[in-house]
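Accompanying notes for the structure given below.
The values are calculated or read from the model by the stated rules, or taken from the named source; none is laboratory data. Here the structure is a predicted model, which is why all the values come from computation and not from measurement. Please note: Cβ atoms are built from the backbone with ideal geometry, for glycine as well, and neighbour counts cover all protein chains shown. All accessible areas refer to the heavy atoms of the entire protein, side chains included, with ligands and DNA or RNA removed. Shrake-Rupley method; radii C 1.70, N 1.55, O 1.52, S 1.80 Å.
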Amino acid sequence: MNKFQYEVQAARVIFGAGLLTEVSAELKALGAHRALVISTPGQESLAREVAGLLGDLCVEVHAKAIQHVPIETVEESLVLVRDLDVDSLIPIGGGSSIGLAKAIALNTSLPILAIPTTYAGSEMTPIWGITENGHKKTGRNLIVKPKTVIYDPKLTVTLPSRLTVTSGMNAIAHCVEALYAENANPITSLLAEDGIRALSSSLPQVVADPNNLNGRSEALYGCWLGGTVLGSVGMALHHKLCHVLGGSYNLPHAETHTVILPYAIWYNASYAPEAVKAIARAIGSDENNVAGTLFDLAKSLDAPTSLAEIGMNENDLDQAAELATKNPYFNPRPIDIRSIRKLLEFAFIGKRPDQGIDL
């Protein structure tokens, strides 16, 4: 076995249907008593439900989180935090709410108790992201990693089908890239493979029956694993492309990950054979058709499969390829602008990534 390093990042996780009611006790366990509950405008009613469970432990509901965490929203939130003497943050929702809480924590060191309602996985990582002047900047800092996470599958039952699928595919992408990360190790690879298995098998179940709590629990478990490996090892081409497309062209986060995933695997497949074998085992696919099988999975669940569908302008593909090849992340296959431009062209039109077609 090759040498490797594995660092455990401390966090408390409670997992189970109906455990949202434990939020007050969990906040007290952190030694906090002036919490700001954070959500998007669309999740404000759920945020107010959390505030009701907290009672006097909640100082206000801040339902102003939006995707890609614009710097203007962060600055407005920091003023509120200081004015209200907030001592803790409770984001409820997906990556937008948790991302805003992280941006606040980056500037204040306030502890976060996260309550995810999608499968994005941000709650398990020390990764933050803020968009300024059309460019998304990301970084790692343990201060932004939530101290406690409450996974309650009941909170995902009302998640719209499209967001269920796209946030689930986003979590699969975390697992996929962990398998060929520069600092991959046997522990994270085991977690990643099981995360792909759990998500790829449960997403069709919950789309067919949104009230299937067993399926919802399995999907949330897969999300937990995806977030854990995302926070433990580095990411590669897939995430670089998605950060460029989301931050520079304001494409929807989860949908962008869904579209790009099969093409990133396609690009890297011959340079990461062990990762491809693990993905094939997890999704029950032939090793030569992993990218196409994930493309088919997304399509069968009515998820977007092209950049054109989610608002990309074809005239921006040249610039996007240029941005994606500047300061590239580690990737098993070398990055060159011609191949990335071709990848983006296939992704724009939604061409199935078939074996035998070279990028």
- Item | Restricting the range 69-91 to residues that are farther than 16 Å from A51 by Cβ and in a loop (DSSP other than H, G, I, E, B), the residue that is least open to solvent (accessible area, probe 1.4 Å) | V69
- Message: Tally up the residues in the range 304-338 that are more than 22 Å from the chain's Cα centre (by Cα), part of a helix (DSSP H, G or I) and closer than 21 Å to A272 by Cα, please.
- Response: 2
- The lone condition K28 fails out of (1) closer than 16 Å to I150 by Cα; (2) out of contact with any Ser or Thr (no Cβ under 7 Å at 6 or more places or on another chain); (3) crowded, with 17+ Cβ neighbours inside 10 Å is (3)
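Residue-wise test of (1) hydrophobic (A, V, I, L, M, F, W, C); (2) modelled with pLDDT under 95; (3) in contact with a helix residue (DSSP H, G or I) (Cβ under 7 Å, 6 or more places away or on another chain).
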site	(1), (2), (3)
Q5	no, yes, no
V8	yes, yes, no
L20	yes, no, yes
A25	yes, no, no
K28	no, no, no
I38	yes, no, yes
P41	no, no, no
E44	no, no, no
E60	no, no, no
- Quick one: is L100 buried (at least 24 other Cβ atoms within 10 Å of the Cβ), within 17 Å of the chain's Cα centre (by Cα) and modelled with pLDDT of 95 or more? yes
- Among (1) out of contact with any strand residue (DSSP E or B) (no Cβ under 8 Å at 6 or more places or on another chain); (2) over 25 Å from L245 (Cα atoms); (3) open to solvent by less than 70 Å² (accessible area, probe 1.4 Å); (4) assigned to a loop (DSSP other than H, G, I, E, B), Y6 falls short only on (3)
- Message: Condition first: surrounded by 17 or more Cβ atoms within 10 Å (Cβ to Cβ), touching a Lys or Arg at 6+ places or on another chain (Cβ under 9 Å) and within 25 Å of W224 (Cβ to Cβ). Can you find one or more residues in the range 134-141 that meet it?
- Response: no
- Query: Does the range 124-144 hold any residues that are closer than 14 Å to A10 by Cβ and not β-branched (V, I, T), and which are they?
  - Reply: M124, P126, L142
- Assess whether V149 counts as being over 14 Å from W224 (Cα atoms) and either at pLDDT 95 or above or touching a helix residue (DSSP H, G or I) at 6+ places or on another chain (Cβ under 6 Å) (or both). no
- Query: In the range 185-209, which residues are touching a residue at least 12 places away in the same chain (Cβ under 8 Å) and open to solvent by 60 Å² or more (accessible area, probe 1.4 Å)?
  - Reply: I187, R197, Q205
- Message: Kindly evaluate L251 against the criterion of being in contact (Cβ under 8 Å) with a residue 60 or more places away in the chain, within 14 Å of the chain's Cα centre (by Cα) and either open to solvent by less than 10 Å² (accessible area, probe 1.4 Å) or over 22 Å from G94 (Cα atoms) (or both).
- Response: no
- For T228, indicate whether it is open to solvent by less than 10 Å² (accessible area, probe 1.4 Å), under 14 Å from the mean Cα position of the chain (by Cα), over 19 Å from I265 (Cβ atoms) and of a type in the set (V, I, T). no
- Note on the structure: Only unsatisfied item for A324, checking (1) at pLDDT below 95; (2) open to solvent by less than 10 Å² (accessible area, probe 1.4 Å); (3) more than 26 Å from I66 (Cβ to Cβ), is (3)
- Message: Could you tell me how many of the residues in the range 115-133 are outside any strand (DSSP E or B), open to solvent by less than 10 Å² (accessible area, probe 1.4 Å) and of a type outside the set (D, E, K, R)?
- Response: 5
- Message: Based on this model, can you work out whether D302 counts as closer than 24 Å to Q67 by Cα and acidic (D, E)?
- Response: yes
- Item | Top-ranked residue of the range 9-21 - restricted to ones that are among the aliphatic types (A, V, I, L, M) and assigned to a loop (DSSP other than H, G, I, E, B), ranked as nearest to T117 (Cα to Cα) | A17
